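Below: the structure, in structure tokens.
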Amino acid sequence: MRFELIHHGQVDSTSERAFAAIAAGTARHGDVHIATEQTKGRGRFGRAWHSPPGEGLYMSVVLLPPPPAWDAPALTITAGLAMFDAAAALGVTQARLKWPNDLMCDGCKLAGALIETRGLDPAHPHYVVGIGLNVGQAGFPPELDRRPTSLALLGVSTTVEAALHQVLRAFSRRVEQMSSAPARLAADYARASHLDGARVRVRFGESDVAGDVVGLSLHEGLRLRTAAGAEQWFSLAVIRQIEPVRQTAE
Ligand code: BTN
């Protein structure tokens, strides 16, 4: 993929800038909006994304693929793996992905991605992939609801530019793999998220199902074997949360 970097100083949200360009008809596939600071950085489920000046990577990639529309859950997994790969390339060895694309280290969140589209028209599909990666923060405000961490706190000394370079490199490779080798991408995701063979509880809306993971496919979903021994596919689009279930010795 070819990327065009669009640098901003302080913005509300890089994803908002990307949507503004799409609405104005000036956006191109591969545009990357980057800011030094966000005043209204947002995460999944309407959460805020803490975006202090110069300390994190705040970027949003515009995707205007040719029809048919790309599979949004597949894109979500792709963005998660790109962050995982980038962190590994920067020297983070202990990261894992938490469904769908929280990048965690020792129970703390290092990075996250938010994939959005507005009024998806299958004839003119568009997505904005917003990625936030904590780079240089030496600490975080205590009021943040989920414990964050940063590359600096993990002992990785690097720059926002170097992090950007690694994320784009990994993203390009994983987007290509999404169509050329989807089974490989799914297998890499299952490994990076420790889902391979794991006993999990999967939450959909207000209900949940427990079982052992026996398969993951970008298009068919997550295959679970329940305690009754039945196997079933669950569409990735409806999975809200996947939690490990601690197994007791029998
Ligand atoms: C999450 O884990 O909840 C997703 C966090 C996504 C944050 C990034 S920072 C760049 C882009 N602009 C935003 O407003 N959000 C995303």
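The values are calculated or read from the model by the stated rules, or taken from the named source; none is laboratory data. Note that the structure is predicted; figures quoted are calculated from it, not measured. Because the Cβ atoms are built from the backbone with ideal geometry, glycine has one as well, and the counts that use them run over all protein chains shown. When the accessible area is computed, the model is the full protein with side chains, heavy atoms only, and any ligands, DNA or RNA have been set aside. Shrake-Rupley method; radii C 1.70, N 1.55, O 1.52, S 1.80 Å.
Tabulated results
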{"quantity": "Qualifying positions in segment 23-59 - under 19 Å from the mean Cα position of the chain (by Cα), more than 8 Å from the ligand (Cβ to nearest atom) and small (Gly, Ala, Ser)", "calculated": "GLY30, GLY46, ALA48"}
{"quantity": "Members of segment 1-41 found to be outside any strand (DSSP E or B) and among the charged types (D, E, K, R), listed by number", "calculated": "ARG2, ASP12, GLU16, ARG17, ARG28, LYS40"}
{"quantity": "Subset of segment 60-90 [touching a residue at least 12 places away in the same chain (Cβ under 8 Å), of a type in the set (Gly, Ala, Ser), under 14 Å from VAL167 (Cβ atoms) and out of contact with any Ser or Thr (no Cβ under 6 Å at 6 or more places or on another chain)]", "calculated": "ALA79, GLY80, ALA82, ALA86, ALA87, ALA89"}
{"quantity": "Any hit, segment 19-32, residues being open to solvent by less than 40 Å² (accessible area, probe 1.4 Å), within 30 Å of GLU143 (Cβ to Cβ) and in contact (Cβ under 8 Å) with a residue 12 or more places away in the chain", "calculated": "yes"}
{"quantity": "Options ALA170, ALA138, ALA162: the member that is aliphatic (A, V, I, L, M) and open to solvent by 40 Å² or more (accessible area, probe 1.4 Å)", "calculated": "ALA138"}
{"quantity": "Count - residues of segment 76-121 that are closer than 24 Å to ALA21 by Cα, within 11 Å of the ligand (Cβ to nearest atom) and surrounded by fewer than 24 Cβ atoms within 10 Å (Cβ to Cβ)", "calculated": "3"}
{"quantity": "Residue tally, condition more than 21 Å from the chain's Cα centre (by Cα), of a type outside the set (A, V, I, L, M, F, W, C) and assigned to a strand (DSSP E or B), over segment 224-250", "calculated": "3"}
{"quantity": "Subset of segment 9-18 (residues that are under 28 Å from GLU176 (Cα atoms) and open to solvent by less than 50 Å² (accessible area, probe 1.4 Å))", "calculated": "SER13, THR14, SER15, GLU16, ALA18"}
